[in-house]
Amino acid sequence: MLRVKRFVVFSLFVLCASAAFSFWMVGQPGAGANAAPPAPPRAAARLQAADGLATAVNVTPVPETGWLGNAAAATGIPGRALRAYVNAAVSANQAAPACGIGWNTLAAVGFVESAHGTYGGGSLSSAGQASGPIVGPSLNGGGFAAIPDTDGGALDGDAHWDHAVGPMQFIPSTWRIAGMDGNGDGAADPFNIDDAALSAATYLCTRGGDLTTAQGWTDAVHAYNQSDAYLRQVRSQATAYAAAADTVQ
């Protein structure tokens, strides 16, 4: 009988120790990181060489015209949108060198959100302006989150419920905080691809930290949209863009 009691006590001790070890492991850095898929490859871009004046005034490098045309053809991304994505990624990485965001991640988000500003048959002007208002469905709780109006309908035309707007589909309340002027015209416009792309790049860097890591990239994209299906779609598209860009001479 004594041996049985000792066995029971020993078993309980082992069980408690195992549980304590498991809880300790969960709290360790990197625990559960294997749940995050690897970040997609970071696509390269050929940038115009900066001259002395550009270097002196800290002008953001822009993609070479020849590379831009070839990369647009290889990836299927409209050239005007691709230019905005590359410029935005370069600017965001200059502002936060530890971020490491690739233009292909921005392009993947832009593809999923609005087909690079062409949703509904639209297009982008030479200035990067969407040809028509790109407005998402009403966020009234019917299949989407319920987000009451935050901008008096100024951006989305609805004074009751918010809608995501522009090529990168920002919610008005988020745009008010994260919106940036990407083309230097003095205004932050969510319907302009330069402004929207820079705002998205900066937002992703802020929310993800190091986007070259699996967890950083996952955290960034989940901050944009918490759906795992969305994450997989963006990652797949970003990977495809990187592979296509690798073929560009």
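The values are calculated or read from the model by the stated rules, or taken from the named source; none is laboratory data. For clarity, every value in this text was computed on a predicted model and none was experimentally measured. Neighbour counts are summed over all protein chains in view; Cβ atoms, including those assigned to glycine, are modelled from backbone coordinates with ideal geometry. Heads up: the accessible areas ignore ligands, DNA and RNA and are worked out on the full protein's heavy atoms, side chains in. Shrake-Rupley method; radii C 1.70, N 1.55, O 1.52, S 1.80 Å.
For F170, the residues 5 or more places off, or on other chains, whose built amide H falls under 5 Å of its own are V165. Computed over neighbours whose Cβ is under 12 Å from that of T65, the net charge equals +1, Lys and Arg +1, Asp and Glu -1. When the accessible area of the stretch 166-249 is split by element with a 1.4 Å probe, what percent falls to carbon and sulfur? Here it works out to 47 percent.
Scaling the Cα radius of gyration of the stretch 54-118 by the globular reference 2.2 N^0.38 Å produces a ratio of 1.15. With protein chains left intact and a 1.4 Å probe, residues in the stretch 99-249 average 42 Å² of accessible area per residue. Which residues in the stretch 193-217 have a backbone N closer than 19 Å to a point placed 7 Å from the Cα of S125 along the Cα-to-Cβ line? Counting backbone N atoms under 19 Å from the label point, the list is 193-198. Net charge near D228, counting Lys/Arg +1 and Asp/Glu -1 over other residues with Cβ under 14 Å of its Cβ? Here the charged neighbours net out to +1. Taking a Cβ cut-off of under 14 Å around Q129, the surrounding Lys, Arg, Asp and Glu residues balance to a net charge of -3, with basic ones at +1 and acidic ones at -1.
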